[in-house]
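Remarks on the structure that follows.
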There are 2 protein chains.
Amino acid sequence: MIMPTNANARDLSDELRAESVVLREKALVDSGAFEIVASLTMEVGPRSAGSAGDAAAVLWAKEMLSSIGFANVRGEAVTVPHWDRGTLDVRLTTPFSRLLVATSLGGSTGTPEGGIEAPVLRVESLSELRQMTSEEVSGHVVFIDHVMARLKSGGGYSAAARIRVCGHVVAAERGALATVIRSAGTSTHRFAHTGSMLYDLTEARIPAVALSNADADILAHAVQSGEPTSIRLRSSARYLPDAQSSNVIGEIPGQGANADEIVLLGAHLDSWDLGMGAIDDGAGVAAVIAAAKLILNSGNRPSRTIRVVLFANEEFGLSGAKAYALEHSGELNQHVMGLEADSGAGPVWLLASRVAESGLNLVDQIHALLAPLNIERGDNSSTNGADLGPLRVAGMPILEMRQDNTEYFDYHHTIDDTLDKIDPKNLDQLTAAIAVAANVAANADGDFGRLAPVQAPTATCVAD
Amino acid sequence: MIMPTNANARDLSDELRAESVVLREKALVDSGAFEIVASLTMEVGPRSAGSAGDAAAVLWAKEMLSSIGFANVRGEAVTVPHWDRGTLDVRLTTPFSRLLVATSLGGSTGTPEGGIEAPVLRVESLSELRQMTSEEVSGHVVFIDHVMARLKSGGGYSAAARIRVCGHVVAAERGALATVIRSAGTSTHRFAHTGSMLYDLTEARIPAVALSNADADILAHAVQSGEPTSIRLRSSARYLPDAQSSNVIGEIPGQGANADEIVLLGAHLDSWDLGMGAIDDGAGVAAVIAAAKLILNSGNRPSRTIRVVLFANEEFGLSGAKAYALEHSGELNQHVMGLEADSGAGPVWLLASRVAESGLNLVDQIHALLAPLNIERGDNSSTNGADLGPLRVAGMPILEMRQDNTEYFDYHHTIDDTLDKIDPKNLDQLTAAIAVAANVAANADGDFGRLAPVQAPTATCVAD
């Protein structure tokens, strides 16, 4: 074969390209990922940090990675918070009586045993609430009635989740007794959406719950009728002592000069307690395992080490991500690429990255292999992968398989996150894309360079 | 105007046709029905027979009919059964532990306080269960895993509902301890579907519950894994003493020679306890009220009396329908047409009927006025309207606005039956069709004739 004269020195070898195409096409026929997520969701199910399901998931993951034949399968200890939602009862009491479908936000305190009953103050945004005085807010249950936008990018979530994370802080500053938010989700069915919240150190710890969209409609109707509107909350949510969990790891060891370099494929093993954790993040767990399995089974041992990391407790404080960065602080610079699959089970439509200038050509090479999967080329400003945060700020390059999130927030963090929401063909496509990216990253002559460390962002609820 | 020479003597007058077109077009712009169902679902909400919501609904209906200006607004006493579902906890205990989303079927007995835990026997149909011996079934919880078909006609419901009504009878005959069915519904979300069941007099009263489709998948996966599978049920469902409810009635009195003839527009005021009763049957209640209101407000007083009947307790034994037939036994023959709206909020796509041969021409005349609403002409064998049953067997002609039921059984009898499931434009179209049919039936020179009385069918669970 005659090589084109304008061949970039860092173009992939024909062999690597051909191997990657084989992986891609194999995955599209049947990546094996659906079988993995079916096993996880059916046999383990809900697995929130510290729960019995969490421990069962760790066992499941070790067995799964071992049975596939990965090397160095192990759990690395992670201490996790253990919050239990107990029972919750939310009732509109005035101007008419109605039991509302609600869920405690993850980490919320409970109520006194007799519950809290108070008049409702409705606002549509945090900034509206910030403009109110203690006199106006004090003694009320604040209802933050923000409707999350449905977008392919999932971009409506950040504004909605900010209310989830900060609503009770801003309300408590003004003497509110509790907050009730419209779910940070897009489901048009009657499910309330949980997710993490945190207490500000200085403010009172008030209970925070979310209503389903239909139930938020009922509460809004009551308030807008002009009649005095009261609500009663009763919750036995509480913290239990911290618990032990694990990041579960398996590897395909590299060979040769670059064997100590690491291509990290991540997903999180935990889920919220309500659903089965199928799309969040069973799909990601299955896709990274299946992608690595395809490479393992190809018989072509990679140059660099491919490391599958199933993180503990992404959902409620990123305990696993922090523990991993600490445990592996001595080899952070050997992480030449990280990719996390934690965006559900929609099709990948864009390859984004955050790599050094010198690594962009390699991203292009990968994209050329992914284009037949209907994947566009994105920009180089990705911040994807919550579990990759500590590694990213330390300068690790990342790749992102951006998935269609139009329907993701219909299921995410709700009881409705079940296996039937996953289309196996989409999961095969995701797995194909990850397998190609990992294979190229692990075998290319060049790499993605390294980025300068940056300051980790600190989130507060002080201002918008 | 020159009359066409081939005019059928029973063709509608131009005036009646024109008035009907005005009603139709007004309804299409805004029938007022959505506002009515919004009020019922928001301010009253769940209203199962005998509950506080039932009583609130009766008050609401009387006020609504009076405020519109109907005549002879009244409640007619109906004694209703009062069943309370209490709490239910269904857990798969072996081969893995999982809380399942389930609901007691309406009328089910509870369990002993400690619950029932037993191995699971899975069948896919009643006939499969019938072929089994007591030896095979005894001591088990029988899981009837029939998947309801999604059809525009809603036709998958009869087979699914038959399992709901008879499954526990056939299982109890063979010594089963309880039955668990896959919901008689098509929702792909995590909702279990309730609905009435009855006990056979001769067999043991065993608890009967339904699982959501996703949870039935989990149970099926467990059974099909080949591992021994056990389930635990705990339910405090029970009967309370019978309660009082009412059929709520309002009229537009006819005038002239035919004033004592009655055009009955029916819907049922009760709902199941889980959802808000928006599509079942708030939509029907709103459509018949709004249709009659349009006629009332047109200022054209009808020849025949238009009677709106909001039946009590359709869902759990048709108490209201039976009471109405008894209360009005002296005027059954004056019911010249009955139409019940109880098929959700999908668009009407077909006009069906059950009228005397002599009345078919009048149905054609009505259809001509409905054709612009994309309504086809159906056959003359309708048996629509559960509440019309006693009147239909006595010979009353009926009209049926057949609605698209493709999505109806996603919501029907579930917690997800909420206002947001109704598209106001569809409700306007339904209301337009009913207004036209009622206006013609109340004013046409001819009528639908009368049918010979027939024997009421008796349903049993003895055979398929």
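Here, each number is a calculation from the coordinates, and none is a lab measurement. Everything numeric in this text was worked out from a predicted model, so none of it was measured. Cβ coordinates were reconstructed from backbone atoms using ideal geometry, including for glycine residues, and neighbour counts include every protein chain displayed.
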Here the convex hull volume per residue of region B:326-379, taken over Cα atoms and given in Å³, is 105
Taking neighbour counts of Cβ atoms within 10 Å as a proxy for exposure, in what order, fewest first, do A:ARG307, A:ARG205, A:ARG91 appear?
-> A:ARG205, A:ARG91, A:ARG307
Might you report the magnitude of the Cβ-based charge dipole of the protein assembly as shown about its Cα centre, with Lys and Arg at +1 and Asp and Glu at -1, to the nearest 20 debye?
-> 300
Sort out for me the Cα centre separation of region B:15-39 from region A:89-161, rounded to whole Å.
-> 38
Alpha carbon convex hull of region B:314-451, projected area averaged over orientations, nm² | 8.7
Region A:218-312: D in µm²/s via Stokes-Einstein (Kirkwood Rh, Cα pairs, 10 °C, 1.306 mPa s)?
-> 92
Placing +1 at every Lys and Arg Cβ and -1 at every Asp and Glu Cβ, with all other atoms neutral, what dipole size does region A:324-464 have around its Cα centre, in debye to the nearest 20?
-> 400
Least to most buried among B:THR431, B:THR305, B:THR406, by other C-beta atoms within 10 Å and fewest first, runs B:THR406, B:THR305, B:THR431
Mean projected area, convex hull of alpha-carbon positions in chain B, reported to one decimal in nm², is 22.1
Rounded to the nearest 5, what % of the DSSP beta bridges within chain A are antiparallel ones?
-> 60
What does a probe at B:SER358 reach in region B:306-346, counting residues whose amide N is under 14 Å from the point 7 Å along Cα→Cβ?
-> B:336
Relative contact order (%) - criterion: Cα under 8 Å, at least six apart; region: chain B = 23
Region B:50-192: antiparallel DSSP beta bridges as a percent of all, rounded to 5 = 25
Starting at 0 and stepping by 5 Å, how many percent of the alpha carbon pairs of region A:11-169 end up in each bin?
-> 1, 6, 9, 11, 12, 12, 12, 10, 8, 6, 5, 4, 2, 1, 0
Gyration tensor on Cα atoms of region B:136-244, a ≥ b ≥ c root eigenvalues, a/c under 1.5 rounded, else prolate if a/b beats b/c, else oblate, says oblate
Between the alpha-carbon centers of region B:204-277 and region B:350-419, tell me the distance in whole angstrom.
-> 21
Relative to the compact-globule estimate 2.2 N^0.38 Å (N residues), the Cα gyration radius of region B:78-159 stands at a ratio of 1.36
Inter-copy label distances at A:SER381, 7 Å along the Cα→beta-carbon direction, one decimal in nm, shortest first?
-> 6.7
Which helices of chain A meet both criteria: a Cα extent of 20 Å or more along the helical axis and a mean Kyte-Doolittle score no lower than 1.0, with helices taken as whole DSSP H segments?
-> A:283-298
Pair-distance profile P(r), taking every C-alpha pair of the protein assembly as shown, with 10 angstrom steps and integer % = 2, 11, 18, 20, 18, 14, 9, 5, 2, 0, 0
Counting only DSSP beta bridges with both residues in region A:248-362, tell me the antiparallel percent, nearest 5.
-> 30
Name the residues of region B:151-181 whose amide N is less than 15 Å from a point 7 angstrom out from the Cα of B:ALA463 along the C-beta direction?
-> none
With no solvent and one point on each alpha carbon, what is the Debye value of log10 I(q)/I(0) for region B:5-90 at q = 0.25 Å⁻¹?
-> -1.23
Burial ordering of B:HIS189, A:HIS146, fewest other beta-carbon atoms within 10 Å first = A:HIS146, B:HIS189
